[in-house]
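One structure below.
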Amino acid sequence: MKIGDFASCTRIYSAADIAGFAALTKGGRLEQVPEPLIGALFSYLLGVELPGYGTNYLKQSLTFHRPAPLDTPLTARVEITRLRPEKHLADLATTCHLPDCTLICSGRALVRVLDVSSRA
């Protein structure tokens, strides 16, 4: 791993996805993608892509700039901004955009990584 490394994924949430989420959370009818589902994209990236297996969330901050519409591709991205190998820590910037590059969400994540120096 090095500063500037990044991972991204794109997901489209449909009305059926949101109905399932609403049923699980006992929420009402939802017209947009709920913020926890956007946050889940970052969790996926950190745990599966970068840094990957063995990553533990220590801290996260997210700012939601606008609602995320249904049936629209959302691209989440995490990028390493700082590494502290002596403490096994990585700081990452997190963003989520619409296809036209409109920023939906931005934030930061601090994670503990098993071995910062050996990750590729």
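The values are calculated or read from the model by the stated rules, or taken from the named source; none is laboratory data. It should be emphasised that the depicted structure is a prediction, and the values quoted were computed from it without experimental measurement. FYI the Cβ positions are ideal-geometry reconstructions off the backbone, even for glycines, and counts take in every protein chain you see. Ligands, DNA and RNA are excluded from the accessible area calculation, which covers all protein heavy atoms including side chains. Shrake-Rupley method; radii C 1.70, N 1.55, O 1.52, S 1.80 Å.
What FRET efficiency, computed as 1/(1 + (r/R0)^6) with R0 = 30 Å and r the Cβ-Cβ distance, is obtained for Leu62 and Ile3, rounded to the nearest 0.05? With a Förster radius of 30 Å, E is 0.90. Rolling a 1.4 Å probe across the protein heavy atoms gives the chain an accessible surface of 56 Å² per residue. When the GluC sites (Glu not before Pro) in segment 1-102 are filtered for DSSP coil states and for at most 10 other beta-carbon atoms within 10 Å of their beta-carbon, the remaining sites are Glu31. Hey, what angle do you get for helix 15-25 against the long axis of the chain, alpha-carbon based, 0 to 90 degrees rounded to 10? Compared with the principal axis, the helix lies near 80 degrees. Roughly what angle does helix 35-44 make with the longest principal axis of the chain, taking Cα atoms, 0 to 90 degrees, to the nearest 10? Value to nearest ten degrees: 30. Between the entries (1) 100; (2) 89; (3) 121, the label attached to volume of the Cα convex hull per residue in Å³ calculated for this structure is (1). The trypsin sites (Lys or Arg not before Pro) of segment 1-79 that DSSP puts in a loop, and whose beta carbon has at most 10 other beta carbons within 10 Å, are Lys2, Lys26, Arg29. Within the accessible surface of the chain, defined with a 1.4 Å probe on protein heavy atoms only, the carbon and sulfur portion equals 54 percent. Partners of Lys59 within straight-line reach, counting lysines whose Cα lies under 24 Å from its Cα and excluding those fewer than 8 residues away in the same chain: Lys2, Lys87.
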